[in-house]
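Worksheet for the structure shown next.
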Amino acid sequence: MQSQQKNVLNKDFRLKKSSSFKATYSQRRIASDEFFILYGGKNKENAEYPTKIGFVVSKKIHKRAVKRNRIKRLAREAVRLSIKNSEADFEKFQSLIYMAKEGALELDFDKAQLSVTKLINKLARKFI
């Protein structure tokens, strides 16, 4: 029987509660580029708990859910690979929220990966 590695962005690692989103927004730690706005929560004191990550794409970006979900899937996979390859310091915050901007509609995977990695590193330099 082979050991299963936990998927980094399975449901245990995602922000789900409205109160969690509000708490992260209230910290006012923000970094942005042309595709995403990244909100960072509190600095992590206990490394035992995983960083929880949320993805938000509003209806203002596109009215069709298919388009909004595609942006979230791209961002989620880019974050997952960045964590797996240790390209960014995701472990410094308790929670993170990636909010898409209008430019995210033209996003391809390479741009998404570059954007999410750049934003987390920018946020870590700015607030830690």
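General observations
- Taking N as its residue count, the alpha carbon Rg of the chain over 2.2 N^0.38 Å: 1.02
- Counting every alpha-carbon pair across the range 59-128, the share separated by more than 20 Å comes to 30%.
- The label point for LYS17 and the one for ASN85, both projected 7 Å from the Cα toward the Cβ, are 3.5 nm apart.
- When the C-alpha to C-alpha distance is required to be over 24 Å, the pairs from LYS63/LYS84; LYS42/LYS111; LYS72/LYS92 that qualify are LYS63/LYS84; LYS42/LYS111.
Here, each number is a calculation from the coordinates, and none is a lab measurement. Please read these numbers as outputs of a predicted model, since none were measured by experiment. We place every Cβ from the backbone using ideal geometry, glycine too, and count neighbours over all the protein chains shown.
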